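J.: Quick one: the structure is below, questions incoming.
The values are calculated or read from the model by the stated rules, or taken from the named source; none is laboratory data. This one's a predicted model, so the numbers in the text were calculated from it and none came from an experiment. For neighbour counting, all protein chains shown are included, and Cβ atoms are generated from backbone atoms with ideal geometry for every residue, glycine included.
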Amino acid sequence: MIPLEDAVTARLESHGERFEILVDPDAALDIKRDEFDGELEDVIAAEDVFENASRGDRPAESALEEVFETTDPLEIIPEVIKRGEIQITAEQRREMQDQKHKQLVNRITRNAVNPQMDNAPHPPERIESALEETDFRVDPMEPVEPQVDEALDALRPVIPIRFDEVTVAVQVPADYAGSAQAKIRQFGDLEREEWQNDGSWVGVLTFPAGMQNDFYDLVNEHTSGEAETQIIKDEDDLQTR
């Protein structure tokens, strides 16, 4: 158990009832993000579920059964945290917002391209700068993935942007094929591969278009820049990079 003064309230309102629990703020955020790996009893101030924690009022057992299908506090407490709201501190909120913002920018950078520049990737700095020009603000309490589309809608009036995938063929010389192909094939979805008579390896991979530069860096690193790559637009149309 933690001291009461170190706890924050997590609250869930459901079926016309209110449920509150007292929990360590950092642990509550970890539970919210499915990152908690400790013992629940060590991060709560009371092994109890309240209707009003400040007054010590408890909900009826019938209400607990209706909403959670149990009256066991240790089963209910994580559900209140995950499904409800946490009264986090201002500092925690800033830290969460910064973390979610970085995750969002990384997600967009890895998948987005500039359709006006031959589908070239957008650098993270450009995404950051464009987001600053919009009204979009990441919600620290929500997962990043559902917020990506909203961020893209906000970005489109500022910069040309779209999510896309790219398919690239790569031929690795025989001197590097053994070790290099093992690294390269993990980068994206390996559509097909073929070992050539001269010992070289050819692979065709599909991955988010924003990761092209990362892919070329990986290929060059493991082949000393001697591999050949081609962007495949369709089966009959190859664009040599």
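J.: Taking segment 39-82 as the region of interest, how many residues are polar (S, T, N, Q) and part of a loop (DSSP other than H, G, I, E, B)?
T.: Keep residues of segment 39-82 that are polar (S, T, N, Q), which gives 52, 54, 62, 70-71.
Now narrow it down to the ones that are part of a loop (DSSP other than H, G, I, E, B): 54, 70-71.
Count: 3.
J.: So is residue 43 under 33 Å from the mean Cα position of the chain (by Cα) and without any contact (Cβ under 8 Å) to a residue 40 or more places away in the chain or not?
T.: no
J.: The conditions are (1) over 18 Å from residue 86 (Cβ atoms); (2) touching a helix residue (DSSP H, G or I) at 6+ places or on another chain (Cβ under 7 Å); (3) aliphatic (A, V, I, L, M), and residue 60 fails exactly one of them. Which is it?
T.: It fails just one condition, (2).
J.: Determine whether residue 149 is assigned to a loop (DSSP other than H, G, I, E, B), under 30 Å from residue 31 (Cα atoms) and either more than 13 Å from the chain's Cα centre (by Cα) or of a type outside the set (S, T, N, Q) (or both).
T.: Numbers: assigned to a loop (DSSP other than H, G, I, E, B): no; under 30 Å from residue 31 (Cα atoms): yes; either more than 13 Å from the chain's Cα centre (by Cα) or of a type outside the set (S, T, N, Q) (or both): yes.
In short, no.
J.: Could you look through segment 1-38, keep only residues that are within 28 Å of the chain's Cα centre (by Cα) and assigned to a helix (DSSP H, G or I), and pick out the one that is surrounded by the fewest Cβ atoms within 10 Å (Cβ to Cβ)?
T.: Taking the candidates together, the pick is 26.
J.: Same structure again: Quick check: anything in segment 80-94 outside the structural domain of residue 143 (by TED's automatic domain parsing), more than 21 Å from residue 142 (Cα to Cα) and surrounded by fewer than 19 Cβ atoms within 10 Å (Cβ to Cβ)?
T.: no
J.: While we're here: Could you grab me the full set of residues in segment 209-233 that are assigned to a helix (DSSP H, G or I) and more than 24 Å from residue 106 (Cβ to Cβ)?
T.: If we filter segment 209-233 for residues that are assigned to a helix (DSSP H, G or I), which is where we start, we get 209-223.
Within segment 209-233, just 223 meets the criteria.
J.: Tell me which of these residue 187 doesn't satisfy, since it passes every other one: (1) surrounded by 17 or more Cβ atoms within 10 Å (Cβ to Cβ); (2) touching a helix residue (DSSP H, G or I) at 6+ places or on another chain (Cβ under 7 Å); (3) in a helix (DSSP H, G or I).
T.: Here residue 187 meets the rest and fails (3).
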